[in-house]
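Peer 1: The structure's right below; bear with me while I get my questions together.
No lab work stands behind these numbers, since they all come straight from the coordinates. Just so we're clear, the structure is a prediction, and the values are computed from it rather than from any experiment. Counting neighbours? That spans all protein chains shown, and the Cβs are built from the backbone with ideal geometry, glycine included.
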Amino acid sequence: MPIIIVDYGAGNLTSVYNALSYLNIKSKISHNPTEIENAEKVIFPGVGAAKNAMETLNRTGIGEAIKSSVKKGTPVLGICIGCQIILESSEEDGGVQCLGILQGSAVKFKAEPNLKIPHIGWNQVHFAKEHPIFKDIPDNSNFYFVHSYHPSPGKESFLTYGACTYGSQTFPCIIGKDNLIATQFHLEKSGEIGLKVLGNFSKV
């Protein structure tokens, strides 16, 4: 069975598909909620704004399909905005209610002198906990980021598997719980090391 890459109009799908194809991993881009809900593995990528993404997810039923996949125990990998809208809310666009799979919210970087927002480029990731998709990935490896918002934990915190420091701000950049794992950075834009993580995900 191919890995299902969720198509909810948030872009970057072809890059993920091409990365998996390069690794000879079968995948399929789909916007069919039934197909997503019944997939053996799901990748939930995306770039763009939380409000538009949530409007599409709610209107199409894809959001409920993703929640159902997680609840069933399906391995699910979120990437970039897929790491933010699995949370309860986002500060973006004046406040957006998100999927609420994990407690917490996506918050904007605080302004600092000489700190450019959005955070764009390569940055080190410190691993806080082990996870199978980061098998054989050295601590403090560099991954590629493009974002203005980042995950912030709620009262019953999600698990932070990795953190990154930008300016003086250290934030969770790999979060998850049980069968759900998500990266704020772009695996499909992170060169060989990103490909290694995607390959590991295909084996979990």
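Peer 1: Suppose only helical runs count, i.e. DSSP H with n ≥ 4. What mean residue ellipticity at 222 nm does that imply for the chain under -39500 (n - 2.57) per run, divided by all residues and rounded to the nearest 500 deg cm²/dmol?
Peer 2: It lands at -7000 deg cm²/dmol.
Peer 1: Shifting gears a bit: Take the cross-link list LYS51/LYS189; LYS155/LYS177; LYS110/LYS196 and give me the ones stretching past 22 Å between alpha-carbons.
Peer 2: Values: LYS51/LYS189 24 Å; LYS155/LYS177 14 Å; LYS110/LYS196 32 Å.
Distance filter (> 22 Å) returns LYS51/LYS189; LYS110/LYS196.
Peer 1: Which is the longest part of the chain that has none of the GluC sites (Glu not before Pro) sitting in a DSSP loop with at most 11 other Cβ atoms within 10 Å?
Peer 2: Between the exposed loop sites, the longest stretch runs 41-129.
Peer 1: Could I ask something else about it? Would you mind telling me the antiparallel percentage of the DSSP bridges in the chain, rounded to 5?
Peer 2: 65 percent
Peer 1: Right, another one. Which label belongs to the value computed from this structure, given these candidates for Cα extents along the principal axes in Å: (1) 50, 41, 35; (2) 48, 37, 30; (3) 57, 49, 32?
Peer 2: (2)
Peer 1: Using Cβ-Cβ distances only, list the Cys residues of the chain with no partner cysteine under 4.7 Å, sorted by number.
Peer 2: Unpaired cysteines in the chain: CYS80, CYS83, CYS98.
Peer 1: Can you give the FRET efficiency to the nearest 0.05 for ASN52 and LYS135, using r as the Cβ-Cβ distance and R₀ = 45 Å?
Peer 2: 0.85
Peer 1: Could you name the aspartates and glutamates whose alpha carbon sits less than 13 Å from that of LYS28, not counting residues in the same chain fewer than 8 places away?
Peer 2: Those aspartates and glutamates meeting the cut-off are ASP7, GLU40.
Peer 1: Something else about it: For the chain, what's the relative contact order in percent, using C-alpha pairs closer than 8 Å and at least 6 residues apart?
Peer 2: Relative contact order here is 20 percent.
Peer 1: Run the quick spin-label model on ARG59 and ASN38: label points 7 Å from Cα toward the beta carbon, then report their separation in nm to one decimal.
Peer 2: For ARG59 paired with ASN38, the spin-label model returns 2.6 nm.
Peer 1: Here is a follow-up. Evaluate the distance, in nm, between pseudo-label points positioned 7 Å from the Cα of SER21 and of ASN200 along their respective Cα→Cβ axes.
Peer 2: 2.6 nm
Peer 1: Quick one: if the Förster radius is 30 Å, what FRET efficiency do LYS155 and LYS110 give, using the C-beta to C-beta distance and rounding to 0.05?
Peer 2: Details: r = 21 Å, r/R0 = 0.71.
Once rounded, the FRET efficiency stands at 0.90.
Peer 1: I've got another one for you. At what distance in nm do the modelled label points of LYS28 and ASN123 sit from each other, each positioned 7 Å from its Cα along Cα→Cβ?
Peer 2: Result: 3.7 nm between the two label points.
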